[in-house]
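*Asks:* One structure, as structure tokens, below. Some questions next.
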Amino acid sequence: MKKENTIRLGIAEDFYEDFGNNLTRLQVLSEILERKTREGDVEGKQLIGQIKDYLASLWLGIRDMLWADFYSIALKKQFWPN
């Protein structure tokens, strides 16, 4: 069980890091796109704003999900050590 949890945590940490890096790249690209969008392009600016909002929401959701999983594993180790 301990080995499984260690492997599981390693996979989760790698996923979290990769996911975070990709979200950061998308955020930077959306910033570049926003700067390149013409001033009068209200619809384009609104769409970019929505993309940025969705990226922020994804980031918060995955962060909360992974940290809840880490917390759950830590509690199990504390109360039911192997």
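Since every read-out is calculated from the coordinates, none of them should be taken as a lab result. Source: prediction; values computed, not measured.
*Asks:* Tell me, what HN-Hα J-couplings in whole Hz come from the Karplus equation 6.51 cos²θ - 1.76 cosθ + 1.60 at θ = phi - 60° for each residue of segment 49-55, using x for Gly and Pro?
*Replies:* In residue order, the calculated couplings are x, 5, 4, 5, 5, 5, 4 Hz.
*Asks:* Name the long-range amide H neighbours of Thr37: under 5 Å, sequence gap of 5 or more, or other chain; modelled H, no Pro or chain starts.
*Replies:* Sorted by chain and number, the residues that satisfy this come to none at all.
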